[in-house]
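K.L.:
Questions regarding the structure given below will be posed in turn.
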Amino acid sequence: MDLVATRSRAEKAAGRGLSHLWDRQRENGSWVDRLSSSTVATALGALSLHRADPDGHRDRIAAAVRWLRASQRADGGWSMADAEPPSSPGMTAFGIAALHEIDRDGSRATLDRGWAFLDANDAENVIPGLRGEAPRTWPAALPTIWGLVGLRDPREQPDQPVETVLLPPRLRDKVSIALPVILALGVMQARTLPRGPLRRFTGRVAEPKALDWLREVSGTNGGIEECPMIAGFVYLGLSAAGVGRDLRLTSLRYLLGTQRPDGSWAIDRDLEISVTAYAVMALAEFSDVAGEPQLHRTRDWLLDAQWNRPFAPLGLPAGGWAWANPSGWPETEDTAVVLGVLADLGVPRGHPAVELGLRWLLRMQNRDGSWSEWVRNSAIMNDRPCAGVTAHAILALRRFGTSTAPGSAIARGLSYLDGRRRADGSIASVWFRDDTHGTARLLEAFTANGNGAPAAIAARDWLLAAQADDGGWPRHHRLPPAGTTAEETAWALFALLHAGHDPAAPAIRRAVDWLVDRQDDHGTWRPSNVGLYFDDLCYTDDLIAHTFTLRALGRFLRVTDPAGAR
């Protein structure tokens, strides 16, 4: 197929994709996504409602149980995202815990299949905290939940030290997004498990401080981090401890407000600030979004979403953006993405929100030149330096004319990316699986700075080599799902075009054809569970798949426009 034919097909697909995106815009100018339903969030939500008031919440609990039963996969396991493959031992163990306590007799066949799946997949050795060395993963909370529901000796829980709250902030804050769970379960353990005299004393001192910290991070809607999973942990831990009645009530209110009609919960309520910014990024490939009347409300909505006060629990300055409000935490990636989008929407450098946001980004740079999400100079879990986050920060600063001189924030960020890439040119990203996302972002960051450095050339070559035979990305994967995905194909395609790769090249045309061929009747693309909270906790997001695919097609149409790219 020649370039003209490929372009014609891409135009039709983009037209359908644009219609779908505009149809999804809300009256206030923003967009909201659908995150996949989550086994762990649904299990914890159901357990919380059951322990709070089994009769009063009977219908909601029954709906959650029905969802868990219906979402069990043919192999007996449960997935991380909806019922997407593959089944996960950790998710299966959470599903079993909920059904064991709530509906043991009615779900006997479901439970038997779940136990068989765990046995067949060496669950004792692969689920953290059950036995032996745990894989690199998220906090080992499953054994604690098993202890609560009677599936394990409660004394055999991984220690969640409530005394963490007594540490200096520079040490305590390093666990960042895991801290609410550590503190809630730590309060429970200090109240219910045997402790020596010193631990009993420090636990009594730490408990009120932990509860106050949890109150401080609770949003007006009762959520913490806009995460039903965390609301479930907080409720179950504090309920077992018999303390923090106000926090238990707000957590229940949040769970009741976020349960879906089918009975499930998502891992996060949504990513509305993130996907609103992604939508504008996609639309900007097709027109001057600053002059689009339908986006004036979007601009104002994004400006209103800025944290114009410090986020005291982590010592963050004013000026950041979260992924969603009111209980999301300001973090680097969305701050950078929103700043770039505000530039697209015509907000100048001198605007107070932009100035505050840029200062926030500069303040958050790590000593090594990288950026993490919340905590500077950390190497723990999700707050370790991230190539994708670093690239987004570089792109935002560059967009507003920040200096690129040697020793500048941008120069140091590029040096970090160059120094951390692998010999083959690839680099991993903390928040998305494997290497396509990080490598594509690295290429964009160097290209935006007009830099034909070896790092950019190597990243381009790696992306081209990583294209699968069917035209999509990736060729190989370490984490599921198997096969090529819309998200990774879009990230790679956009980065290659952004770097000036020939749009008539076979690799580009094959990638465009891959995306066009997989557009569905609604004008959108099937999301895959490439979003990564932890190695064994992934998610899908419909607007991440849609907006980045549309953005890549838009860039292809721009650079192949016979009238000349704008």
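K.L.:
Over all directions, how big on average is the projection of the convex hull of the alpha-carbon atoms in the stretch 274-354, in square nanometres?
P.N.:
5.1
K.L.:
Now, a different point. Tell me, in nm to one decimal, what length is gained between residue 351 and residue 422 on full extension, where the rule is 0.36 nm per residue of separation less the Cα-Cα distance?
P.N.:
So the chain would gain 21.7 nm between residue 351 and residue 422.
K.L.:
Now for a separate question. Where the only charges are on Cβ atoms (+1 Lys, Arg; -1 Asp, Glu), what is the dipole of the stretch 459-533 about its Cα centre, to the nearest 20 debye?
P.N.:
Computed about the Cα centre, the dipole is about 200 debye.
K.L.:
Quick one: order 209, 12 from most to least accessible surface, probe 1.4 Å.
P.N.:
12, 209
K.L.:
Tell me the net charge near residue 252. Cut-off is 13 Å between Cβ atoms, residue 252 excluded, with +1 for each Lys or Arg and -1 for each Asp or Glu.
P.N.:
Taking every Cβ under 13 Å from that of residue 252, the sum is +3.
K.L.:
How much area per residue is accessible in the stretch 235-380 when the probe is 1.4 Å and only protein heavy atoms are counted (Å²)?
P.N.:
Per residue, the stretch 235-380 has an accessible area of 33 Å².
K.L.:
Now a separate question. Among 41, 162, 338, pick out the residue whose Cα is farthest towards the positive end of the charge dipole of the chain, where Lys and Arg carry +1 and Asp and Glu carry -1 on C-beta, about the Cα centre.
P.N.:
Going by the Cα projections, it comes out as 162.
K.L.:
Report, in whole Å, the centroid distance computed from the Cα atoms of the stretch 1-27 and the stretch 329-356.
P.N.:
If we compute the Cα centre of each part, the gap is 28 Å.
K.L.:
While we're looking at this one, here's another question. Can you give the accessible area of residue 198, probe radius 1.4 Å, in Å² rounded to 10?
P.N.:
130
K.L.:
With the other protein chains left in place, how much accessible area per residue, in square angstrom, belongs to the stretch 1-104 at a 1.4 angstrom probe?
P.N.:
On a per-residue basis, 38 Å².
K.L.:
Modelled label-to-label distance, residue 359 and residue 517, 7 Å Cα→beta-carbon offset: nm?
P.N.:
Label-label distance for residue 359 and residue 517, simple model: 5.3 nm.
K.L.:
Quick check: net charge around residue 341, other residues with Cβ under 11 Å of its Cβ, Lys/Arg +1 and Asp/Glu -1?
P.N.:
0
K.L.:
Sequence gap at least 6, Cα distance under 8 Å: using those rules, report the relative contact order of the stretch 446-498 to the nearest whole percent.
P.N.:
Normalised by residue count, the contact order of the stretch 446-498 is 24 percent.
K.L.:
Compute the angle between helix 387-399 and the longest alpha-carbon principal axis of the chain, please, reported from 0 to 90 degrees and rounded to the nearest 10.
P.N.:
Between helix and principal axis, roughly 50 degrees.
K.L.:
Now, a different point. Could you check the simple spin-label distance between residue 12 and residue 59, using points 7 Å along Cα→Cβ, in nm with one decimal?
P.N.:
Each label point lies 7 Å from its Cα, and together they span 4.6 nm.
K.L.:
Same structure, new question: Where the centroid of each part is defined by its Cα atoms, how far is the stretch 496-566 from the stretch 387-448 in Å?
P.N.:
20
K.L.:
What's the extension gain from residue 526 to residue 4 if we count 0.36 nm per residue and subtract their Cα-Cα distance?
P.N.:
185.3 nm
K.L.:
Please work out which option in (1) 0.97; (2) 1.09; (3) 1.00 gives Rg/Rh (Cα atoms, Kirkwood Rh) calculated from these coordinates, and answer with its label.
P.N.:
Among (1) 0.97; (2) 1.09; (3) 1.00, the one calculated here is (1).
K.L.:
To continue, here is another question. Once neighbouring chains are kept in place and the probe is 1.4 Å, which whole percent of the accessible area of the chain is contributed by carbon and sulfur?
P.N.:
51
K.L.:
Please report the spacing between the Cα centers of the stretch 54-92 and the stretch 200-270 in Å, no decimals.
P.N.:
Using only Cα atoms to place each centre, the spacing works out to 21 Å.
K.L.:
Tell me, what HN-Hα J-couplings in whole Hz come from the Karplus equation 6.51 cos²θ - 1.76 cosθ + 1.60 at θ = phi - 60° for each residue of the stretch 214-228, using x for Gly and Pro?
P.N.:
Values per residue, Gly and Pro as x: 4, 4, 5, 8, 7, x, 5, 8, x, x, 10, 6, 6, 10, x Hz.
K.L.:
For residue 119 and residue 204 in the same chain, what is the full-extension length gain: residue separation times 0.36 nm, less their Cα-Cα distance, in nm?
P.N.:
Taking residue 119 through residue 204 to full extension adds about 26.6 nm, to one decimal.
K.L.:
For the stretch 238-252, just list the computed ³J(HN,Hα) in residue order, Karplus coefficients 6.51, -1.76 and 1.60, θ = phi - 60°, integers in Hz, with x standing in for Gly and Pro.
P.N.:
Once rounded to whole Hz, the list reads 6, 5, 5, 7, x, 9, x, 4, 5, 5, 5, 5, 5, 5, 5.
K.L.:
Determine the per residue accessible area of the stretch 465-548 with all protein chains present and a 1.4 angstrom probe, expressed in square angstrom.
P.N.:
Value for the stretch 465-548: 33 Å² per residue.
K.L.:
With the crude spin-label approximation of a point 7 Å out along Cα→Cβ, what separation in nm comes out for residue 26 versus residue 212?
P.N.:
Calculated label separation equals 3.4 nm.
K.L.:
Defining a contact as two alpha carbons under 8 Å apart and six or more residues distant in sequence, what relative contact order in percent does the chain show?
P.N.:
16
The values are calculated or read from the model by the stated rules, or taken from the named source; none is laboratory data. Predicted model only: the values in this text are computed from it and were never measured. All Cβ positions, even for glycine, are placed from backbone atoms using ideal geometry, and neighbour counts span all protein chains on display. Accessible surface areas use protein heavy atoms only, side chains included; no ligands, DNA or RNA. Shrake-Rupley method; radii C 1.70, N 1.55, O 1.52, S 1.80 Å.
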